[in-house]
Amino acid sequence: MNKLFLIIFSTLLVSNFSEAQFTRYIVKLKNKGNNPFSINNPSAYLSQRAINRRTKYAIAIDSTDLPVTPSYVTQIQSIPNVVVLNVSKWLNSVSIQTSDANAITAINALSFVQSVTAIAARIAFSNTSPGNKFLIEQNFNPLINPSRTAKTADDFFNYGTGSFNEINLHKAQFLHNIGLRGQGMQIAMLDNGFNNYTVLPAFDSTNINAQVLNTWDFVARESNVINDGSHGMECMSTIAANIPGQFIGKAPKASFWLFRTEDDASEYPIEEHNWACGAERADSAGTDIISSSLGYGYGFSGGVPDYPYSTLDGNTTMSAIAADLAAKKGILVFVAAGNAGSSPWHFITTPSDGDSVIAVGAVNSSGIVGSFSSFGPSGDGQIKPDMASVGVSAMVQSPSGIGTSNGTSFACPNMAGLGTILWQGFPEFNNMKIRSALWQAGSIFMTPNDRIGYGIPDMKKAFTNLLVDYVTSTSSLNDCKITVNWNSKDVGAMKYELERKAPGEINFSKIADVTPTNGSILTNHAYQFVNTLTTGSSGIFSYRIKQIIDTAAATFTDAYIDTTTLSISSPCVITGIVNPDPNKDHLSLMPNPASGDFVTLLVETKYAVPEMPILIYNMKGQLMAKMQKSKGIGQSFIEIPISHFARGKYIIKVYNKQNPIGTTDLIKL
């Protein structure tokens with residue numbers, strides 16, 4: 001694949017060499033021989049967080065993880081008039097700068113060099129003004145009324161009108177409300193610079209809480225990224241902003257790696273090599289997400305021709321190869337689809353063509369597609385874009401204030417921020433599982449198209465789908481008691497309902513309500529419910545667990561999260577309950593005293609009772625509950641709900657029509 005890329009560029013660039021003075025080159029290496037680094041000692045070149053990601057998701061460390069052989073770089077660097085710019089271990093290549101033809105000859109003569117390809121002109125000698133790929137995104141509209149609005153909804157964040165409309169399109173305030181705001185997640189942003197992010201109001205919280213982990217400029221080869229372009233800063237604001245009542249980002253508690261890979265002074269494929277180096281550094285640092293609103297394919301400087309669209313197949317360009325490798329390493333990669341929808345180019349750009357990349361198109365907060373949003377499919381027919389988010393009149397922090405702007409550049413980080421908080425809730429699943437959940441939650445998942453792919457993801461639906469895949473339940477029998485256990489994720493405001501289908505029954509019926517453990521942050525909890533059967537019960541018992549994840553009337557959402565089935569082949573026999581006089585009717589209550597939502601009443605008679613009223617009184621003689629049941633000869637177990645009872649003592653009276661069967665006391669703790 002790399003060889004094909006170099007053949008294409010050698011052909012294109014050599015034919016146009018006279019139009020520009022090419023002084024920057026890609027040196028492709030044959031191997032990583034004589035490498036002092038080892039696959040068996042990854043801590044020498046990967047952070048512990050990066051190693052943990054590979055371990056967690058069973059990702060093998062391979063030769064692409066090894067750094068480029070240092071002696072190879074040293075030998076190239078030692079050739080007179082050669083400056084090494086960046087080194088890519090994934091592409092096993094080095095970008096250099098030189099205007100000395102003898103230096104190129106010397107490099108080609110090195111035994112470990114596969115090829116040297118001219119890829120960019122010296123900026124100072126470029127006679128062609130680069131096309132401004134960010135032009136459409138410079139149509140900034142400041143907010144007419146930038147004052148902060150009052151919080152009017154029961155949401156954790158006070159979004160303000162613009163931010164609320166954006167997040168509500170995806171129903172993603174639900175994720176914020178259950179504690180998923182980006183804590184513990186890391187996002188790498190690859191762009192043209194992050195001008196003045198250290199002083200602009202959208203990033204107050206980011207800076208105060210030291211959420212920027214590190215920075216690097218792959219163009220100027222320095223750590224400073226605040227003195228270059230502002231496009232990266234604007235994209236970052238859609239994720240990180242935290243101005244209550246005015247502008248709230250999609251994952252404002254996340255941490256960031258900020259990398260400048262784009263050179264605004266020109267447009268050459270060398271920037272794709274920079275991009276690959278940025279993605280590698282993000283991986284080595286241990287990032288979870290890459291968000292990059294950059295794209296290549298047309299409008300190059302110095303007479304470099306557009307890419308043949310057929311080569312945007314996810315396997316040919318340097319940036320697409322690197323983006324897919326980042327995904328292979330376990331990173332969730334989001335890339336802007338491009339703003340060429342109204343231009344002659346028309347299509348998406350690379351690296352959004354990567355088959356493991358999430359390409360993001362642009363819609364407004366009502367879901368209407370932006371005319372500028374690039375069309376799919378990819379060069380090899382993949383569904384592209386993958387999905388869409390707000391990139392039409394999107395909320396951004398610009399150098400001049402808070403306002404709105406257009407571009408898939410903003411749709412991309414909007415979607416990346418949402419993907420971040422979704423994955424935060426389910427770190428047990430890998431990046432491809434999260435991508436699949438986003439696809440399946442798309443508004444047109446069953447009928448994808450070339451404008452918004454699988455559609456606009458409903459984040460509550462994506463959460464629910466992942467929850468169903470996450471939950472496990474079991475059931476076991478002991479002493480005519482079926483114990484149902486399950487693990488799920490919840491917050492205290494949620495609720496569970498347990499339903500049962502007994503032998504001979506066609507439908508499930510609710511037998512219990514279960515209240516989650518208190519808490520406002522999504523957490524895994526284990527639950528247990530004991531269902532007492534009657535003596536002689538046998539057959540197949542099925543228990544279905546329903547989780548109500550949103551109990552509010554206006555946004556009520558529930559899902560059946562799992563079903564467990566138990567087959568009882570021999571009639572069960574209850575032990576430990578003894579009728580002191582088998583010739584008399586007998587009542588027994590379990591447990592008693594009781595602190596749960598239900599108690600089980602045992603009624604034993606030597607005759608059938610077709611009409612058996614059960615009345616519960618408090619100590620003042622007030623009737624608190626009445627149930628109408630029936631039973632056959634022998635023992636019968638009846639579940640009585642007591643969750644609505646206050647603490648205290650109660651009297652339970654059981655009748656055969658109007659004739660008393662017995663009375664027992666209940667103590668509610």
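Think of segment 586-668 as having a plus end and a minus end, set by charges on the Cβ of Lys, Arg, Asp and Glu; of Phe598, Thr663, Leu623, Leu623 sits farthest toward the positive end of this dipole. Since only Pro385, Ile402, Ser443 are under comparison, the one whose Cα sits farthest along the positive direction of the charge dipole of the chain, derived from C-beta charges on Lys, Arg, Asp and Glu, is Ser443.
Selection among Thr105, His273, Phe334 by position relative to the dipole of the chain gives Phe334 as farthest towards the positive end (Cβ unit charges, Cα centre).
Phi angles of segment 93-105 translate, via the Karplus equation with coefficients 6.51, -1.76, 1.60 and θ = phi - 60°, into HN-Hα couplings of 8, 10, 9, 10, 10, 6, 10, 9, 4, 5, 5, 5, 4 Hz per residue; Gly and Pro are given as x.
For segment 586-668, give the magnitude of the charge dipole about the Cα centre (Cβ charges: +1 Lys/Arg, -1 Asp/Glu; no others), in debye to the nearest 20. In debye, rounded to 20, segment 586-668 gives about 220.
A convex hull fitted to the Cα coordinates of segment 471-568 yields 92 cubic angstrom per residue.
What is the calculated FRET efficiency for Asn214 to Gln628, with r their C-beta to C-beta distance and R₀ = 45 Å, to the nearest 0.05? Approximately 0.05, to the nearest 0.05. Against the chain, whose longest principal axis comes from its Cα atoms, helix 408-425 is set at around 40 degrees.
A crude spin-label estimate for the pair Asn165 and Leu477, with each label 7 Å from Cα along the Cβ direction, gives 6.1 nm. Partner lysines whose Cα lies under 26 Å from the Cα of Lys28, excluding those fewer than 8 positions away in the same chain, are identified as Lys3, Lys89, Lys328, Lys329. Which FRET efficiency value, to the nearest 0.05, do you get for Thr523 and Arg49 by plugging their Cβ-Cβ distance into 1/(1 + (r/R0)^6) with R0 = 30 Å? Taking R0 as 30 Å, the efficiency between Thr523 and Arg49 is 0.85. I'd like the distance separating the alpha-carbon centroids of segment 475-545 and segment 243-269, in whole Å. Comparing the Cα centres of segment 475-545 and segment 243-269, I get a distance of 46 Å.
The C-alpha atoms of the chain define a longest principal axis, and helix 270-285 lies at about 40 degrees to it. Cβ under 13 Å from Gly381's Cβ, Gly381 left aside: what net charge do those residues give with Lys, Arg +1 and Asp, Glu -1? Overall, the nearby charge balance is -4. Label-to-label distance, Tyr607 versus Ala101, with points set 7 angstrom from Cα along the beta-carbon direction: 11.8 nm. Each peptide in 633-646, 416-429, 612-625, 280-293 gets a packing score, the mean of other Cβ atoms within 10 Å over its residues, and the list from highest to lowest is 280-293, 416-429, 633-646, 612-625.
Between 0 and 90 degrees, the angle of helix 231-240 with respect to the longest Cα principal axis of the chain falls at about 10 degrees.
With pairing defined as another cysteine C-beta under 4.7 Å, the cysteines of the chain that fail it are Cys235, Cys277, Cys412. Its alpha carbons give the chain an Rg and a Dmax of 32.2, 112 Å. How big is the gap, in Å, between the Cα center of segment 40-115 and the Cα center of segment 382-409? If we compute the Cα centre of each part, the gap is 35 Å.
In summary, segment 586-668 shows an alpha-carbon radius of gyration equal to 1.03 times the 2.2 N^0.38 Å reference for compact globular proteins.
Laboratory data are not the source of any read-out in this text; all were calculated from the coordinates shown. What you are looking at is a predicted structure, and each value in this text was computed from that prediction instead of being measured. Note that each Cβ is placed from the backbone with ideal geometry, even for glycine, and that neighbours are counted across all protein chains shown.
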